[in-house]
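Quick notes on the structure that follows.
The values are calculated or read from the model by the stated rules, or taken from the named source; none is laboratory data. Source: prediction; values computed, not measured. Counting neighbours? That spans all protein chains shown, and the Cβs are built from the backbone with ideal geometry, glycine included. Heads up: the accessible areas ignore ligands, DNA and RNA and are worked out on the full protein's heavy atoms, side chains in. Shrake-Rupley method; radii C 1.70, N 1.55, O 1.52, S 1.80 Å.
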Amino acid sequence: MIFNYLKIAVRNLLKYKFISFNNLFGLTVGLACCLLILTYIIHELSYEKYHDKADRIYRVTRLFKNGETGVTSLHLNTVSPPFGPLLVNDFKEIEKLTRTLQNNTVPFRYEDKIFNELNSYWADSNFFHFFKVDVVKGNPSRALTDPYSVMLEESIARKYFGTADPVDKVIRMNNQFDFKVTGTYKAFPTNTHFHPELMLSFSTLRDTAIYGEERLRTNWGNNSFFTYAMLTPGYDAKKLEAQFPAFIDRHMPKGSHFKPSKTTELFLQRLTDIHLRSHLDSEAEQNGDIKRVYIFSAIALFILLIACINYMNLSTARSALRAREIGVRKVVGAERKSIILQFLTESVFVCWLAIILAFVTTWLVIPLLNQISGASLSIDVLLRWQVMVPLIIIPFIVGILSGLYPAIFMSSFQPIMVLKGLFRAGGGNISFRKVLVTAQFAISIILIVSTAVVFKQMRFMQNKELGFDREHIVTLPYTSALNDQYDAFRTALLQESALKDVGRSSRIPTGRLLDAMGSQMKNGDTLAPANVDIKYVAADHDFTSTYGIKMVAGRPFSRDFSLDTSAFLINESAASILGFKRPEDAVGKDFGYGNRRGKLIGVFHDFHFESLHQKIVPLVLLVPRSANNFGNISVKIAGSNLTGALAHIEKTWHKFLPEVPYQYTFMDDNFTRLYEAEQREKNIFTIFAFIAIFIACLGLLGLSAFTISQRVKEIGIRKVLGADVSTIVTLLSKDFMKLVIISAIIAFPVAWWAMNSWLQDFAYRISIPWWIFLLAGIVAALIALATISFQAVRAALANPVKSLRTE
Amino acid sequence: MIKITNLEKVYRTDEVETVALNKLTLEVKEGEFVAVMGPSGCGKSTLLNIVGLLDDPDSGSFMFNGIEVAKFNERKRADLRKRNIGFVFQSFNLIDELTVFENVELPLIYTGVKAADRKKRVEEVLDKMQIMHRRNHYPQQLSGGQQQRVAVARAVVNKPKLILADEPTGNLDSSNGNEVMQLLTDLNEQGTTIVMVTHSEHDARYSHRIIRMLDGQTVMENIMV
C-alpha cells in the first residue's frame, strides 16, 4: 500500500513540475534555514561543555558598589590575586581552584624571530588538570610548575621553531625574560571563552621583577585575575555565595567608612554560562548572547512555519487537479482514512526529499555564511545521534503538520461529484487558506520591520556625532622601552608634515572605561571624599588635541604649566555629578582623585569614549606620574597622504624600537569592530527576511493560481460583458490586498514590541519611526501585488470563449 | 439483491431544496441486467450513488443482499462497496499517473489482496478484456474504447456481485460502444448483476428490464424479451 502511495507521489511530483518544484523548493529552503540556524544554536549552546567537570566549575566575579547607595559601579569577571588561595583555604567545598592572568601584548623572541603575542596568559600549575586541554608534548602535571616555563599552542610553536622540537628551547619575553618551553598543546576549540596561545607559569609572577610574591598576597586593587573554582560534586554554588560576605570581611582590609562587604561582593558564575549569559565589564573575548540565540530560534521557527503554510497552500491548490484520482480511489474501495494516509505519506515523502536537499544546501552554504557572519560554524555539530535522530523525525512532524490539512480537505471530496466534474472547492476551505496566507504575510512584515529597524540603528551608530575625531587616527601599543626617549620619538614622528599630532593614554576611545579611584572635593578647608563614581584615563598633554576633544570651560593640559602634572580635566558629566551647576564653576577648584591632589583646570565636552551600548559616564583625565601607565599611542594623520604617513610611522618605530615588532590599528577599524555583532545580526536578518518573503510569495502564487482557477468562468462572463483587463486584475487583486492589510495590522504591534526590546541593549538608540511600518506594509503589498498580477493578468488575457465552453 | 423502499433524497442549498429521489421503490434481483433511463435531473445518478453506497439517503430503506444499509456509516459503506460493487463511468475515470496494470490492481490493494495474487488476478482479467499487451501503458496512451475496457477490467477484478455503469458508452463511438455493451452482457451472463444508467435506447436494449424515471420516481418499466 505504502509503495503504491510512494509510486503515485513520485509520478505526481514529476507530472506537476511547477507546483512540485515550488513545494519542494520552499520546504528545502525553509528547512535549510532551520538547519543553518540549528547549527549556530548548537554551537552556541556547546560552549565549555567539553570540559569533564564543566558543571562543577565556576568563575569568581567581583562587584563593586557604592557603600552608601548600594549602586553598582563595576562588575568584573576577574578578581584580585589574594582571593584564590584564601578561597581554597576557607572553603572545603572548593575542590580545587585555578587562576589565569591575561598578559599584556608583549613581544617574544627566538633567535631572529620576534612577534607580538596578543593571547598569552599566566596560568596556575594545575591548569591542565582543571580544564580539558589537548597536550601534545610535555608533562601536563609539571609543565607549568617551575618559574619561567611556557607551554605553546602548536601553531605558535611552529611559528618560532618551524618543524624543530620546541621542548627545552628558550624564548625571550619583552627582550628581558627567558622562558623555557616545556611542551605544546592543540589550539583551544572555538567553543570556549578564552584562547590562550602561550601559557606562562604562574609561579613566575612571584619574582618581583615581574609582579612579586608580596603583591600576589596583598594587592586587593588589581582585579585582573581570572579565578575558577571547582566545587565538590553536588554542592550548591548559592550556598557558597552566601558565605562570601563574611569571608570578605574576614580577609579584606577595613575601609574608612564601611565594612568591605558593603562595597564589594563576590559571585560564582557557571563556566557554561559564560559565553551566553555573561556580559560583565571585562570579558576575555567577545561573548555571545542568549538573546541572539532566542532571536534566531524564533526566525527559524518563523521560516519553517512559512514553509509549512506554503506547502499546505500549494498542496490544496493542487487538490482540484487530483480530485478525480481521489474520487476513483474512493469508488474502488478506499476509505477516507486511507486517502488521508496516502496524502500524509506523500507530504512526509516530500519532506524527506526536502531535508536531504536541505542538508546538502546547508553543507554548501555554511562556508559562505561563515564568511558573511564571521562565525565559525561547521555542519559536524549536526552529525551526532542527539541531533540526527530528531532530524530524521522532523520530516514526519513537518510532513504531518503540513500535509494534514490538505489530506483532510481532499479526503472529504464526494466521489460522484468530482467524477462528474461537479467539484467546486467550498468557501470554508478558502477562508482557512486566507488565514494561512495572512499569517505568512504577518511574519514577513515583522521581518521587514525588524530588518529596517536594525538597519536604521546601525546607520544611527555609524553616523552619530561621537564628540571626538575618529578619522585618520592610527593607534600603536605603547611600550616601556619608549619611556626615556618618548619626546625624541614624538618629535621624529612630527617631522613628517602628514602627521598632525601624537598623544598617549592608558586607554583609547572604543575601549571600555573600567579604571576608577575615589574622588575628593573641597569641604571647608580640607578635601573630603565625594560619594561619586568617576572613571579615569591616564593621558598626556597631547591626548585631547589628537582626538579633537572640545573644551567647554577652562583649558586642556599644557606643557607651559609645570603644575599640570597634578591637574585634572573632567567631562561635563563629571562636572555635573560633582555638583557644579555650570562647567565654568568647576575650573580652578581643588580636587582629589586617588592619592593625588590638584586643581580642576578644564571641563571637556561629553564624548562617546565607549561604544553606544554604554551611557556616557563621568570621566577624569590625568597626567600619570609614570609613563608605564600608558598603554597606547594615538597618531592623528592628515587625510591626504596616508601611505606616506604610515611608512614614516613604521620607519620611526623601527629606528627607536628595533627590538619591538611594529603593529598598528586604525581607530576606524576599532570602531567598526564595536558593532560587529550587530553588523552580523543585520546581515543575517536581511538574508532570512528575504528568504521568508520569498517563500511566502511562493505560497501566494499558489493561492492566487488556485483562486483564479476557481473564477475562470466568472472572468469569462465579465469579459464577455465588456470588462477590460485592468478591471479584472483589480478585481482579482483586491481580495489579496485585504489580506495584506490584515496581516499588517497583526504584524505592527508584534514587530514594534520585538524591536523595542532589541533596542534596549543600546544606551543610545533610535525611536522606531512610524514610516518604517508604512514602508514594510507597502513593500509587502507591492510584492504580493506583483505575485498576484502575474496570474491575474494571464487570467484576464485568456480568451473567454474557451473558459465558458469548458463549463 | 437490491430492495429499495420509499427512498428519499433531498439536496439543499441556502435557498433551494431539490428533491432528487421522491419515495422511490425499486427491486433488482440477482443476475438481472437493469437499465435506468430518464431525462437529465430525474434522479438517475442519485439513485446510482445510493445503490453504489457512495451516498446515503435521507429516509427510506435500502436492503443490499438482505442487509439494511441505508444507515451505514462511511467506513462500513466503503467496506461493503469494495467487496461487492464495481463501477464503470462514462468518462472512464482512470488515474492518469498509474499504468493500465496499476489501475486495475487498485481495488485489490484496497481489499488487502497479496501482491502475488494481485498480479495473477489482474493478468487474468486483462487477458479476458484483451488488453494484456497494453498493461504497461498509461491511460493517455490508449484509445477511448481501450480505456473503457480497462475501466471495466478494474470494475470486475474484485469479482463484484454488482456492476454499476453510468452511461458507459457516452464517450465512445458506436463500434467501441457496442464492444463495451457486449462485455457487460457477457459479465451478466456469467452471473454479475448489472445496473446501468443510460440515455441511449440502443444500449438499454441489451438489458432485461428498463426502468424509466421522472422527477425522482419510477414512472414506467419495460421488460425486454
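Before moving on, here are some points about what is shown:
- 1.4 Å probe accessible area per residue over the range A:345-404, in Å²: 52
- Remark: the range A:384-535 carries a charge dipole of roughly 1200 debye about the Cα centre, counting +1 on each Lys and Arg Cβ and -1 on each Asp and Glu Cβ.
- Surface share of carbon and sulfur [accessible, 1.4 angstrom probe, percent] for the range A:698-807: 70
- Span per principal axis, largest first, for the Cα atoms of the range A:202-271 (Å): 41, 36, 16
- FRET E, pair A:His251, A:Arg625, Förster distance 25 Å, beta-carbon r, rounded to 0.05: 0.25
- Degrees separating the helix B:115-128 axis from the principal Cα axis of chain B, which is the longest one: 80
- Stokes-Einstein D (µm²/s) once Rh is taken as the Kirkwood radius of the range A:305-421 over alpha-carbon pairs, at 20 °C in 1.002 mPa s: 132
- Projecting label points 7 angstrom from Cα along Cα→Cβ for A:Leu321 and B:Met132 puts them 3.7 nm apart.
- The calculated FRET efficiency for A:Thr526 paired with A:Gln663, based on their beta-carbon distance and R0 = 45 Å, is about 0.45.
- Taking a ≥ b ≥ c as the square roots of the Cα gyration tensor eigenvalues, the range A:472-513 comes out oblate, since a/c reaches at least 1.5 and a/b does not exceed b/c.
- The modelled label-to-label distance between A:Leu14 and B:Glu8, using points 7 Å beyond Cα along the C-beta direction, is 5.3 nm.
- Per residue accessible area in Å² of the range A:537-625, where ligands, DNA and RNA are left out and the probe is 1.4 Å: 40
- Net charge, A:Val603 excluded, C-beta distance under 14 Å - Lys, Arg +1, Asp, Glu -1: +2
- This model, with +1 at the C-beta of Lys and Arg and -1 at the C-beta of Asp and Glu, gives the protein assembly as shown a dipole about its Cα centre of some 1540 debye.
- For the peptides A:159-172, A:249-262, the ranking by mean Cβ contacts within 10 Å, running from highest to lowest, is A:159-172, A:249-262.
- Charge tally in the Cβ shell below 15 Å around A:Ser378, where Lys, Arg are +1 and Asp, Glu are -1, A:Ser378 excluded: -1
- Shape of the range A:444-486, Cα gyration tensor, a/c cut at 1.5: prolate
- Cα-based shape type of the range B:36-180, given that a ≥ b ≥ c are square roots of the gyration tensor eigenvalues and the cut on a/c is 1.5: oblate
- Within the range B:77-225, percent of DSSP bridges classed antiparallel, to nearest 5: 40
- Based on the convex hull around the alpha carbon atoms, the range A:121-176 presents an average projected area of 4.2 nm².
- Solvent-accessible surface, computed for protein heavy atoms with a probe of 1.4 Å, shrinks by 10 Å² or more for the following residues of the range B:106-125 when the other protein chains are added to the isolated chain: B:Leu106, B:Pro107, B:Ile109, B:Tyr110.
- Separation between Cα centres of the range A:1-20 and the range B:154-225, rounded to whole Å: 35
- Once you reduce the range A:248-320 and the range A:28-105 to the center of their Cα atoms, the two points are 13 Å from each other.
- Dividing the Cα radius of gyration of the range A:607-751 by 2.2 N^0.38 Å, with N the residue count, gives 2.16.
- Given charges at Cβ of Lys, Arg, Asp, Glu: the protein assembly as shown dipole, positive-most of A:His257, B:Pro168, A:Leu703: B:Pro168
- Between A:Asp112 and A:Ser155, the contour length at 0.36 nm per residue exceeds the Cα-Cα span by 13.7 nm.
- Spin-label pair A:Ile356/A:Lys581, simplified geometry with 7 Å Cα→Cβ offset, distance in nm: 8.2
- FRET efficiency estimate (nearest 0.05) - Cβ-Cβ, B:Lys120 to A:Lys53, R0 51 angstrom: 0.15
- Counting only the Cα atoms, the protein assembly as shown fills a convex hull of 251 Å³ per residue.
- When only Cα pairs below 8 angstrom with a gap of at least 6 residues are kept, chain A shows a relative contact order of 15 percent.
- Alpha carbon convex hull of the range A:592-653, projected area averaged over orientations, nm²: 7.2
- Across the cross-link table entries A:Lys500/A:Lys522; A:Lys159/A:Lys655; A:Lys53/A:Lys180, which are compared at the Cα atoms, the separations over 27 Å belong to A:Lys500/A:Lys522; A:Lys53/A:Lys180.
- Among beta bridges from DSSP that stay inside the protein assembly as shown, the antiparallel ones total about 75%.
- Relative counts (whole %) of C-alpha pair distances in the range A:425-536, using bins that are 5 Å wide: 2, 7, 8, 9, 9, 9, 9, 9, 7, 6, 5, 4, 4, 4, 3, 2, 1, 1, 0
- Whole-number D in µm² s⁻¹ for the range B:172-225, Kirkwood Cα-pair radius fed into Stokes-Einstein, 10 °C, 1.306 mPa s: 130
- Counting every pair of alpha carbons in the range B:33-101, the share spaced more than 16 Å apart comes to 58 percent.
- For the range A:31-112, the per residue solvent-accessible surface stands at 38 Å², with DNA, RNA and ligands left out and a 1.4 Å probe.
- Farthest toward positive dipole pole in the range A:3-95 [+1 Lys/Arg, -1 Asp/Glu at C-beta], among A:Pro85, A:Leu31, A:Leu63: A:Leu31
- Other-chain or far-sequence residues with amide H under 5 Å of B:Gly86's (modelled H): B:Leu162, B:Ile163, B:Leu164
- Cβ-defined net charge surrounding A:Gly592, 12 Å radius [Lys, Arg +1; Asp, Glu -1]: +4
- In chain B, taking the dipole from charged Cβ atoms about the Cα centre, the farthest positive-side position among B:Gly52, B:Gln217, B:Gly66 is held by B:Gly66.
- Under the span-like rule (Cα at least 30 Å along the axis, Kyte-Doolittle mean at least 0.5), DSSP H helices of chain A: A:17-45, A:290-331, A:336-373, A:385-411, A:427-463, A:676-710, A:725-759, A:770-797
- Cα-based convex hull volume of the range A:153-307 per residue, rounded to whole Å³: 218
- Taking a point 7 Å from the Cα of A:Ala298 along the Cα-to-Cβ direction, the residues of the range A:677-717 with backbone N closer than 19 Å to it are A:677-693.
- Interface A-B: total buried accessible area of about 2500 Å², 1.4 Å probe, protein heavy atoms only.
- Angle between chain B longest axis and helix B:174-189 axis [Cα atoms, degrees, rounded to 10]: 80
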